[in-house]
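Only one structure is covered here, and it is reproduced in the block below.
The values are calculated or read from the model by the stated rules, or taken from the named source; none is laboratory data. Quick caveat, the model's predicted, so the values are computed rather than measured. Backbone-built Cβ (ideal geometry, glycine too); neighbour counts: all protein chains shown.
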Ligand SMILES: O=P(O)(O)OC[C@H]1O[C@H](OP(=O)(O)OP(=O)(O)O)[C@H](O)[C@@H]1O
Ligand code: HPA
Ligand SMILES: [Mg+2]
């Protein structure tokens, strides 16, 4: 995973915004499933960040078969490696034809690169994308610059902030 400290900008996503963007992603994907499987046959969420977007997409597209894949990234002397901790149902996945793989965002693209190597015919969709990862994703909604850290609603809490014009 990319460290957020060197990121210059922050992009804060509320639940409401996430909901609207995930719905927009679903609408973009609607009707674009492959003919050989009669459209999209299942949604696979990349845990954990892909789970909320995947649920929203599955609801919008009326897909009730939902599975997960868990990918863990490791840093070996700055060479990031990833491996699968939990795979989705192998019989359902096949080569990925008709499967919609959903994640919250693509950053370097390493997570999707690994999943794509396992299911080359799947369709890869994220809500947000950064330029380095864009080649790994077929469909996304909003692009942010590489030096932007995206803050998701499940990682944030409402808190008091001082008025802009202070008391002194
Ligand atoms: O394109 P990449 O550089 O691979 O980064 C993107 C991935 O990193 C984050 O997940 P993370 O591994 O932090 O786990 P989480 O979803 O459980 O928070 C994010 O949810 C993506 O899955
Ligand atoms: O910008 C990000 N935000 C949250 N998690 C992430 N994992 C990789 N990049 C990001
Ligand atoms: Mg993730």
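Restricted to region 1-57, and to residues there that are surrounded by 14 or more Cβ atoms within 10 Å (Cβ to Cβ) and modelled with pLDDT under 95, the residue that is nearest to ligand 3 (Cβ to nearest atom) is 2. Restricting attention to region 128-144, does a residue exist that is within 11 Å of ligand 2 (Cβ to nearest atom) and in contact with a helix residue (DSSP H, G or I) (Cβ under 6 Å, 6 or more places away or on another chain)? Within region 128-144 (the criterion being within 11 Å of ligand 2 (Cβ to nearest atom) and in contact with a helix residue (DSSP H, G or I) (Cβ under 6 Å, 6 or more places away or on another chain)), the answer is no, since none of the residues qualifies.
Listed by position, the strands (runs of 3 or more DSSP E) enclosed by region 51-168 that each have at least 1 residues that are closer than 16 Å to residue 13 by Cβ, within 16 Å of ligand 1 (Cβ to nearest atom) and without any contact (Cβ under 8 Å) to a residue 60 or more places away in the chain are 99-106, 123-129, 139-143.
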